Amino acid sequence: MPSDTGPKIPTVTWTFATLSDADKEKDLVTLLSCPTLPEADLVVNHLAGAGIEAFIPDEFAIQNAAFVGIAPVFVRVQVASSDYDSAKEFMTALGKD
């Protein structure tokens, strides 16, 4: 009987933001953009589970846009610039499971 090691997410190829030298000096940077708010929430929750603080800066605007029938083009997930590399590494590994 196969053992269940818990829920798996589908294999995903994340498209990460590229940081310029000026971006690296900022407190917060965009890690990646998601096509939907639920997907961005999932990313934030996965990062929180790894001890990396992340947030969705436009969350309330996106919720309001959905309420009036406007679909967002993308949803940004941001992290501290000092956490960018570890967050990228974690999400890359998570997407390959």
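The values are calculated or read from the model by the stated rules, or taken from the named source; none is laboratory data. Fair warning: this is a prediction, and the values are worked out from it, not measured in the lab. FYI the Cβ positions are ideal-geometry reconstructions off the backbone, even for glycines, and counts take in every protein chain you see.
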Among (1) modelled with pLDDT of 90 or more; (2) under 18 Å from L94 (Cβ atoms), P57 falls short only on (2)
Total residues in the range 47-91, condition more than 21 Å from T18 (Cβ to Cβ) and either without any contact (Cβ under 8 Å) to a residue 12 or more places away in the chain or assigned to a helix (DSSP H, G or I) (or both) | 16
On the given criteria, is L37 surrounded by 17 or more Cβ atoms within 10 Å (Cβ to Cβ), touching a residue at least 24 places away in the same chain (Cβ under 8 Å), out of contact with any Lys or Arg (no Cβ under 6 Å at 6 or more places or on another chain) and among the aliphatic types (A, V, I, L, M)?
-> yes
